[in-house]
1. Which condition breaks for Thr256 when tested against (1) open to solvent by less than 60 Å² (accessible area, probe 1.4 Å); (2) β-branched (Val, Ile, Thr); (3) out of contact with any His (no Cβ under 9 Å at 6 or more places or on another chain)?
2. Being under 20 Å from Arg245 (Cα atoms) and among the charged types (D, E, K, R) is the requirement here; does Arg203 meet it?
3. For the range 237-253, give me the residue count where each residue is touching a residue at least 12 places away in the same chain (Cβ under 8 Å), open to solvent by 30 Å² or more (accessible area, probe 1.4 Å) and either in contact with a helix residue (DSSP H, G or I) (Cβ under 6 Å, 6 or more places away or on another chain) or not basic (Lys, Arg) (or both).
4. Asp168 - would you say it is charged (D, E, K, R) and open to solvent by 50 Å² or more (accessible area, probe 1.4 Å)?
5. State all residues of the range 22-34 that are touching a Cys at 6+ places or on another chain (Cβ under 8 Å) and either crowded, with 19+ Cβ neighbours inside 10 Å or not in a loop (DSSP other than H, G, I, E, B) (or both); if no residue qualifies, say none.
6. Go through (1) within 30 Å of Glu116 (Cα to Cα); (2) among the β-branched types (Val, Ile, Thr); (3) surrounded by fewer than 16 Cβ atoms within 10 Å (Cβ to Cβ); (4) in contact with a helix residue (DSSP H, G or I) (Cβ under 7 Å, 6 or more places away or on another chain) for Ile282 and report which single condition fails.
7. Grab the helices (runs of 4 or more DSSP H) fully contained in the range 261-312, keeping just those with 3 or more residues being more than 15 Å from the chain's Cα centre (by Cα) and of a type outside the set (Phe, Trp, Tyr).
8. Please find, among Glu277, Glu297, the residue that is touching a Pro at 6+ places or on another chain (Cβ under 9 Å), open to solvent by 10 Å² or more (accessible area, probe 1.4 Å) and within 30 Å of Leu19 (Cα to Cα).
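The values are calculated or read from the model by the stated rules, or taken from the named source; none is laboratory data. In this text the structure is predicted, and so the values were computed from the model without any measurement. We place every Cβ from the backbone using ideal geometry, glycine too, and count neighbours over all the protein chains shown. Ligands, DNA and RNA are excluded from the accessible area calculation, which covers all protein heavy atoms including side chains. Shrake-Rupley method; radii C 1.70, N 1.55, O 1.52, S 1.80 Å.
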Amino acid sequence: MARYYLGVDGGGTNCRVRLADENLVTLAEVRNGRSNLQIDAGEPAYKAISDGTRDVFAAAGLDYAETANTYACFGMAGGRMDSARDAFAARPWPFAGVKVYDDIDIAHAGALGGAEGGVIIVGTGSAAMSIVDGKRHQAGGWGFQIGDQMSGAILGRELARYAVEAEDGLVEASPLTKAVIAALGGDNQAVMTWSFVTAMGLRIVNRDGSEGCDEALIGRAPAEFGKLMPLFIDHLQKGDPVARRMLDIQMGYIDTYVRWFKTHGAGVMAIVGGFGEALFPILQERYGSFVALPRYEPLHGAVILARQNFSA
């Protein structure tokens with residue numbers, strides 16, 4: 001009887017599904033809708049994976065009934081909470097077995113090829129995880145409002161704040177700060193409008209239909225601040241003094257995670273995420289052989305974990 005493994009990289013923007021054979025050779029891969037477990041109680045994620053499963057079996061030329069011989073692993077954005085993962089795994093899936101992980105677990109498995117060591121995600125968000133002597137350690141990943149310290153979103157927010165201060169004449173301006181202000185509307189009033197998404201005409205409505213909420217505020221999403229990172233990298237390469245100052249902030253956060261990894265004996269720290277990989281030459285110069293680029297992408301990590309959890 002044939003045996004298959006299905007991996008899911010469930011992101012907040014889109015969901016990728018890969019079907020592999022028992023040797024982890026990819027048979028087909030598809031992309032579907034958003035799949036963050038914290039959005040609408042996981043309902044969009046359930047639909048994205050269910051539709052993606054039908055699509056990927058069709059793309060592989062396999063009967064959908066073969067899901068009964070398929071073992072699945074989902075790595076999900078918004079999967080930091082145990083309760084969210086457990087509830088999602090308990091849904092009526094057609095597979096022979098299902099395991100739901102936080103998205104950093106599949107990043108770890110892919111980056112290290114299923115081996116032990118550490119991984120940091122340095123993208124729009126950030127988080128860290130390691131496995132040493134069979135023990136799992138995790139830090140960060142608590143989101144834009146209270147975490148994500150070493151992310152492109154947080155650095156982008158700090159850069160925007162600094163650029164506004166520079167326009168006010170409070171701190172040193174540079175070509176980077178001028179470029180940021182230009183990108184966000186041309187002056188501080190435009191940047192303020194941008195930051196509060198005023199031009200979008202959004203409003204908060206309570207469950208009872210009343211408008212407004214003292215405890216909530218609508219502002220730009222993390223990914224919108226993360227979009228400033230190409231400007232940052234470009235000006236960093238040109239030696240912009242403010243870019244170098246912002247880099248010091250970023251490296252301070254990463255230093256904290258490097259110390260954390262070393263306290264529990266991790267021998268390597270793989271760097272995952274577009275922003276982190278763009279910084280890799282600087283990280284390698286600072287940390288030497290302790291840092292590494294990922295061996296495989298997170299989606300392949302999900303397939304690796306499916307086989308590790310449900311090996312014959």
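1. (1)
2. No, not satisfied.
3. 3
4. So Asp168 fits the description; yes.
5. At the first step, the residues of the range 22-34 found to be touching a Cys at 6+ places or on another chain (Cβ under 8 Å) are 31-34.
The answer is Arg31, Asn32.
6. Among (1) within 30 Å of Glu116 (Cα to Cα); (2) among the β-branched types (Val, Ile, Thr); (3) surrounded by fewer than 16 Cβ atoms within 10 Å (Cβ to Cβ); (4) in contact with a helix residue (DSSP H, G or I) (Cβ under 7 Å, 6 or more places away or on another chain), Ile282 violates only (4).
7. Details: elements: 274-278, 280-287, 298-309.
Helices (runs of 4 or more DSSP H) meeting the threshold: 280-287, 298-309.
8. One residue alone meets the criteria, Glu277.
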